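> Got a structure for you, questions after.
The values are calculated or read from the model by the stated rules, or taken from the named source; none is laboratory data. Keep in mind that what you see is a predicted model, and the values were worked out from it rather than measured. We place every Cβ from the backbone using ideal geometry, glycine too, and count neighbours over all the protein chains shown.
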Amino acid sequence: MGVDPCPDRRSGFAAEVKEARTYEKLEEGLAAGCDLAVVASPNAFHLEQALACARAGLHLFIEKPLAVSAAGVKELADEVESRKLTVLMGSNWKF
């Protein structure tokens, strides 16, 4: 599943990943169901999107940073710990 507000990026993703479902809004994708989420949006959106995914019960891989503030990281940590979810943070560099 791919979520992106840009129609061109959604169609490009769908062309690369043949079985992929794509959605304009995160809420639509979450409602459709999935097993985990990768948050790879601009940094300012990481916390909001990660919290929404965690509240939907999804394990997470979040591109660094987890959030743009220490308070945001704490909020996310509290949320995922209370739900016993796994969160990984990293940076994917294709060479």
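> Could you tell me which residue of segment 1-12 is modelled with the lowest pLDDT, considering only residues that are among the hydrophobic types (A, V, I, L, M, F, W, C) and buried (at least 17 other Cβ atoms within 10 Å of the Cβ)? It would help to see each step written out before you state the result.
To start, the set of residues in segment 1-12 that are among the hydrophobic types (A, V, I, L, M, F, W, C) comprises 1, 3, 6.
Now narrow it down to the ones that are buried (at least 17 other Cβ atoms within 10 Å of the Cβ): 1, 3.
Values: MET1: 86, VAL3: 94.
Among those that are among the hydrophobic types (A, V, I, L, M, F, W, C) and buried (at least 17 other Cβ atoms within 10 Å of the Cβ), it is MET1.
> Let me ask another. Please state which one of ALA52, ALA71 is surrounded by fewer than 13 Cβ atoms within 10 Å (Cβ to Cβ) and out of contact with any Pro (no Cβ under 6 Å at 6 or more places or on another chain).
When all the criteria are applied, what remains is ALA71.
> Continuing with this model, one more query. Filter segment 3-44 down to the residues that are among the small types (Gly, Ala, Ser) and within 21 Å of VAL80 (Cβ to Cβ) and list them by number.
GLY29, ALA31, GLY33, ALA37, ALA40, SER41, ALA44, listed by residue number.
> Within the bounds of segment 30-52, is there any residue that is over 18 Å from ASP4 (Cβ atoms), part of a loop (DSSP other than H, G, I, E, B) and either among the aromatic types (Phe, Trp, Tyr) or touching an Asp or Glu at 6+ places or on another chain (Cβ under 8 Å) (or both)?
no
> If you don't mind, there's one more thing I want to ask. Report every pair of residues separated by at least 6 positions or lying on different chains whose Cβ atoms are under 8 Å apart, first residue within segment 10-25 and without any contact (Cβ under 8 Å) to a residue 12 or more places away in the chain, second of a type outside the set (Lys, Arg).
From segment 10-25, the pairs are SER11/THR22; PHE13/GLY2; PHE13/ASP4; PHE13/ALA20; PHE13/THR22.
> Okay, next question. Which of the residues that make up segment 75-95 are of a type in the set (A, V, I, L, M, F, W, C), touching a residue at least 12 places away in the same chain (Cβ under 8 Å) and in a helix (DSSP H, G or I)?
LEU76, VAL80
> From THR22, THR86, which residue is over 22 Å from ARG9 (Cβ atoms) and either hydroxyl-bearing (Ser, Thr, Tyr) or in contact with a Phe, Trp or Tyr (Cβ under 9 Å, 6 or more places away or on another chain) (or both)?
Working: THR22 fails: over 22 Å from ARG9 (Cβ atoms).
That would be THR86, the only listed residue that is over 22 Å from ARG9 (Cβ atoms) and either hydroxyl-bearing (Ser, Thr, Tyr) or in contact with a Phe, Trp or Tyr (Cβ under 9 Å, 6 or more places away or on another chain) (or both).
> Check whether at least one residue in segment 10-20 is over 13 Å from MET89 (Cα atoms), in the same structural domain as TRP93 (by TED's automatic domain parsing) and outside any helix (DSSP H, G or I), and report yes or no.
For segment 10-20, residues over 13 Å from MET89 (Cα atoms), in the same structural domain as TRP93 (by TED's automatic domain parsing) and outside any helix (DSSP H, G or I): absent.
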